[in-house]
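What follows is a single structure, written as structure tokens, with notes after it.
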Amino acid sequence: MTTDTQKLATTIRGHALRMIAKAKASHVGSCLSMADLLAVLYGSVLRVDPANPQWPMRDRLVVSKGHGAAILYAVLAERGFFPVADLMTYSQDGSPLTGHVSHHVPGVELSTGSLGHGLPVGCGLALAHRRPHAPREDTITRSETPTVPHTYVILSDGELDEGSNWEAILFAGHHKLDSLTAIVDYNKVQSFGSVKDVLDLEPLGDKWRSFGWQVHQIDGHDHDAIQSALAADHTGKPKVIIAHTIKGKGVAYMEGQLAWHYKSPDAKQLADALLGLECGQ
Amino acid sequence: MRTSFIETLVQVAERDSRVWLLTGDLGYSVLEKFSTKFPDRYLNAGVAEQNMVGVAAGLAMTGKVVFVYSIANFPTLRCLEQFRNDVCYHNLSVKIVAVGCGLAYGGHGYTHHGVEDIGVMSLLPHVTVMAPGDPVETRWATRTLAEHAGPAYLRLGKAGEPVVHQSEPRIELGKAVQVIDGTQATLISTGGMLETAVRIATILAARRVSVRVLSMPTLRPFDADRVIAEAKRTGRIITLEEHGPGGLGTMVGECLAQAGLGVRFVPMRLQPEPTLCAGSQAYLCGRHGLSLERMVEVTEEVAGTPAADRLRDYGVPIPQPVGSGRERVS
């Protein structure tokens, strides 16, 4: 399974690079840092039905860092929600594939782009799936648990500056929303500087823990670690996976570089990047 | 109005299990009627309006009809982007209910004055905006919004507003309601100013000035057809609202201008500047020029003055009647 998800991660990195290069768009670094997270989620964890995107019992994934749209569209296309060929319309005139995540794209739950919106909505989804129809904590049995749709929210580190997230973190802990998992793509670089310099989040794990969350800190590019953190039981508490990642991961000259929050690769840079990913041109 | 709202919501929730109520830690002695009856569909989200509206959106995404209750600016301006992006853009069934709008919380100061809410909320996509004029209209609005798909804003006063409609009128979504017939001017009111509008018309009737009173409980969708019809019928339009620029008066003005109707039009509304002093609702309205005496005077003057003469006073070109074949400028 890990081999499959790694292959998927490489494929969607390639799509995102081509899409962003063609559109001369931004945020390639932010896309590449969460490629492995998306590959594991869509490759082996999420219960979704591409033929029926509105299936009521589906798991929900909200990508709150809406600037990571290109790679989300890439993984949705690879998963079969819409044709892979459509990806190259990204950010082009008239395309539904807008530069920030749009719910007009099949498989997308929530339009995002303004930061700090995804987690509150994720709380509402988790609450809806827990009460009143979902079984109460004291009556949950192992066989019943999987019937409750799970809600996942991917957050950027920079967006944790937004107060609305801390309202939601407080809320989810208080209400013991155990069908909710937040994943922080902690690539350490935000819009105009390093997270440490702009508004330091540390000690980040302690903050979430003190708000009543179960906390996992992992290498966000290690598929086995992602798998096992996602699988960890968290009955009675919401879960956060703080995924330590590298901005621009997979393209040597982009890794950890603030500039690739904005720049798009030219033809030569794209060719180098794709060669590096070993997915050809 | 808030009593009428909660009693109706309880009735609606008895029939419709999709109906939820969230509050931002407000509604003491009001919301208990709902919370004790439907504890699984009630939630105090705490003093955290941004999260509350996001949570409401998440609930609505699973098919629930979510009423979100707080006072004045807290469920509107404080979480405006959550309502815009998460609710309106996604066309979700979340109904924001703000009580104490206008200058109802007069003595509490400007932070508690809901005087821009109609304008702001009306700008958003898919939204239905309602400002009922009395408890009867509030009952209708609550029932209508519970059945209506999509986002909505319900603007309410506080408690103790008098019943204006002595019988159950036929009200339609997006339509004005005639309360008093008249011929010389049309006074259009929205929200809790309805009672005042009726008092103005009653006082003027005793002076043999005939003023028609309409209530406008729905502001989006806006009843432009009725405004145009009234402009053609009485030729003099006055609006009345406890709101600054951007509300009913602005909507009516835009409508008249687009229709090319050069009728006499006076918006009676609050001034855009903040109210700096304490005072009762009536006192503060007076400071904004909305004392009963002043409003009677303005309405009488408008109703008694030929539109064209008045326009001449201001040096404004006199508009030709519609369809008079005015010259084409080429």
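The values are calculated or read from the model by the stated rules, or taken from the named source; none is laboratory data. Please read all numbers here as calculations on a predicted model, not as lab measurements. We place every Cβ from the backbone using ideal geometry, glycine too, and count neighbours over all the protein chains shown. When the accessible area is computed, the model is the full protein with side chains, heavy atoms only, and any ligands, DNA or RNA have been set aside. Shrake-Rupley method; radii C 1.70, N 1.55, O 1.52, S 1.80 Å.
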* Asked: So B:Leu92 clears everything in (1) under 18 Å from the mean Cα position of the chain (by Cα); (2) within 14 Å of chain A (Cβ to nearest Cβ) except one condition, right? Which one?
  -> (1)
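Got at least one residue in the range A:128-147 being more than 12 Å from chain B (Cβ to nearest Cβ) and modelled with pLDDT of 95 or more?
no
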* To do: Within the range A:64-81, work out how many residues are assigned to a helix (DSSP H, G or I) and open to solvent by 10 Å² or more (accessible area, probe 1.4 Å).
  => 2
* Mind counting the residues in the range A:148-168 that are at pLDDT 95 or above, in contact with a Pro (Cβ under 9 Å, 6 or more places away or on another chain) and open to solvent by 10 Å² or more (accessible area, probe 1.4 Å)? => 1
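Going by the structure shown, is B:Gly119 over 14 Å from B:Leu21 (Cα atoms), in contact with a strand residue (DSSP E or B) (Cβ under 7 Å, 6 or more places away or on another chain), more than 14 Å from chain A (Cβ to nearest Cβ) and among the small types (Gly, Ala, Ser)?
Values: over 14 Å from B:Leu21 (Cα atoms): yes; in contact with a strand residue (DSSP E or B) (Cβ under 7 Å, 6 or more places away or on another chain): no; more than 14 Å from chain A (Cβ to nearest Cβ): yes; among the small types (Gly, Ala, Ser): yes.
No: the conditions fail for B:Gly119.
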* Asked: Of the numbered conditions (1) open to solvent by 10 Å² or more (accessible area, probe 1.4 Å); (2) away from every other protein chain (no Cβ under 14 Å); (3) in contact with a Phe, Trp or Tyr (Cβ under 8 Å, 6 or more places away or on another chain), B:Thr76 satisfies every one except a single condition; which is it?
  -> (1)
* Neighbours by Cβ (under 9 Å, 6+ apart or cross-chain): first from the range B:58-76, farther than 29 Å from A:Gln54 by Cα; second among the polar types (S, T, N, Q) and assigned to a loop (DSSP other than H, G, I, E, B) -> B:Ser70/B:Thr76
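Applying the selection to the range B:274-286, what residues are among the hydroxyl-bearing types (Ser, Thr, Tyr) and either in contact with a His (Cβ under 9 Å, 6 or more places away or on another chain) or part of a loop (DSSP other than H, G, I, E, B) (or both)? Break it down into steps so the answer makes sense when it comes.
Step one: of the range B:274-286, the residues among the hydroxyl-bearing types (Ser, Thr, Tyr) are B:275, B:280, B:283.
Correct list: B:Thr275, B:Ser280.
Quick one: would you say B:Thr305 is among the β-branched types (Val, Ile, Thr) and open to solvent by 10 Å² or more (accessible area, probe 1.4 Å)? Give the derivation first.
Values: among the β-branched types (Val, Ile, Thr): yes; open to solvent by 10 Å² or more (accessible area, probe 1.4 Å): yes.
Yes.
Does A:Val84 count as open to solvent by less than 10 Å² (accessible area, probe 1.4 Å) and touching a helix residue (DSSP H, G or I) at 6+ places or on another chain (Cβ under 7 Å)? Quick ask: steps written out before the conclusion?
On the way: open to solvent by less than 10 Å² (accessible area, probe 1.4 Å): no; touching a helix residue (DSSP H, G or I) at 6+ places or on another chain (Cβ under 7 Å): yes.
When the stated conditions are applied, A:Val84 does not pass them.
What do you reckon, is B:Gly150 in a helix (DSSP H, G or I), surrounded by fewer than 24 Cβ atoms within 10 Å (Cβ to Cβ) and either under 12 Å from the mean Cα position of the chain (by Cα) or more than 14 Å from every other protein chain (Cβ to nearest Cβ) (or both)?
Details: in a helix (DSSP H, G or I): no; surrounded by fewer than 24 Cβ atoms within 10 Å (Cβ to Cβ): yes; either under 12 Å from the mean Cα position of the chain (by Cα) or more than 14 Å from every other protein chain (Cβ to nearest Cβ) (or both): yes.
Spelling it out, it is not the case that B:Gly150 is in a helix (DSSP H, G or I), surrounded by fewer than 24 Cβ atoms within 10 Å (Cβ to Cβ) and either under 12 Å from the mean Cα position of the chain (by Cα) or more than 14 Å from every other protein chain (Cβ to nearest Cβ) (or both).
Given the residues B:Ala206, B:Ala197, B:Ala176, which is the only one that is open to solvent by 10 Å² or more (accessible area, probe 1.4 Å) and out of contact with any helix residue (DSSP H, G or I) (no Cβ under 8 Å at 6 or more places or on another chain)?
Working: B:Ala197 fails: open to solvent by 10 Å² or more (accessible area, probe 1.4 Å); B:Ala176 fails: out of contact with any helix residue (DSSP H, G or I) (no Cβ under 8 Å at 6 or more places or on another chain).
Criteria check complete, one pass: B:Ala206.
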* Asked: If a residue has to be over 15 Å from A:Met254 (Cβ atoms) and either among the hydroxyl-bearing types (Ser, Thr, Tyr) or surrounded by fewer than 24 Cβ atoms within 10 Å (Cβ to Cβ) (or both) to count, how many in the range A:16-40 make the cut?
  -> 3
* To do: Kindly provide the set of residues from the range B:17-45 that are touching a helix residue (DSSP H, G or I) at 6+ places or on another chain (Cβ under 7 Å) and either open to solvent by less than 30 Å² (accessible area, probe 1.4 Å) or within 21 Å of B:Phe74 (Cα to Cα) (or both), ordered by number.
  => B:Val19, B:Trp20, B:Leu21, B:Leu22, B:Gly24, B:Val30, B:Leu31, B:Phe34, B:Phe38, B:Tyr42, B:Ala45
* To do: Would you check if there is a residue in the range B:252-273 being part of a helix (DSSP H, G or I) and of a type in the set (Lys, Arg)?
  => no
* Tell me which residues, restricted to the range B:33-55, are in contact with a Lys or Arg (Cβ under 9 Å, 6 or more places away or on another chain) and facing another protein chain (nearest Cβ under 7 Å). => B:Asp40, B:Gln50
* Structure fact -> Residue count, the range B:88-133, condition closer than 26 Å to B:Thr3 by Cβ and free of Cβ contacts under 8 Å to residues at least 12 places away in the same chain, comes to 1
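Yes/no matrix, rows are residues, columns are (1) under 19 Å from the mean Cα position of the chain (by Cα); (2) at pLDDT below 95; (3) among the β-branched types (Val, Ile, Thr):
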| position | (1), (2), (3) |
| --- | --- |
| A:Ile218 | yes, no, yes |
| A:His221 | yes, no, no |
| A:Gln227 | yes, no, no |
| A:His234 | no, no, no |
| A:Ile241 | yes, no, yes |
| A:Gly248 | yes, no, no |
| A:Tyr253 | no, no, no |
| A:Leu275 | no, no, no |
* Structure fact -> Subset of the range B:213-234, residues surrounded by 22 or more Cβ atoms within 10 Å (Cβ to Cβ) and farther than 23 Å from B:Asp117 by Cα, comes to B:Val213, B:Glu230, B:Ala231, B:Thr234
* To do: Report whether or not B:Thr239 is part of a loop (DSSP other than H, G, I, E, B) and crowded, with 18+ Cβ neighbours inside 10 Å.
  => no
* Asked: Residues in the range A:161-189 that are free of Cβ contacts under 8 Å to residues at least 60 places away in the same chain and more than 14 Å from every other protein chain (Cβ to nearest Cβ): how many?
  -> 2
* When B:Glu116 is evaluated against the numbered criteria (1) open to solvent by 10 Å² or more (accessible area, probe 1.4 Å); (2) in contact with a helix residue (DSSP H, G or I) (Cβ under 6 Å, 6 or more places away or on another chain); (3) under 25 Å from B:Leu248 (Cβ atoms), which criterion, by number, is the only one it fails? -> (2)
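So which strands (runs of 3 or more DSSP E) are wholly in the range B:13-87 and hold at least 2 residues that are more than 25 Å from the chain's Cα centre (by Cα) and at pLDDT 95 or above? Even if it seems obvious, please write down each step before you answer.
Numbers: elements: B:19-23, B:42-44, B:65-71.
It comes to B:42-44.
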* To do: Take the range B:83-116 and flag every residue that is closer than 30 Å to A:Glu109 by Cα and touching a strand residue (DSSP E or B) at 6+ places or on another chain (Cβ under 7 Å).
  => B:Phe83, B:Val87, B:Ser93, B:Val94, B:Lys95, B:Ile96, B:Val97, B:Ala98
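Taking B:Val55 as the residue in question, decide whether it is open to solvent by less than 10 Å² (accessible area, probe 1.4 Å), within 13 Å of A:Pro120 (Cβ to Cβ) and β-branched (Val, Ile, Thr). Lay out the reasoning, then the answer.
Working: open to solvent by less than 10 Å² (accessible area, probe 1.4 Å): yes; within 13 Å of A:Pro120 (Cβ to Cβ): yes; β-branched (Val, Ile, Thr): yes.
So B:Val55 fits the description; yes.
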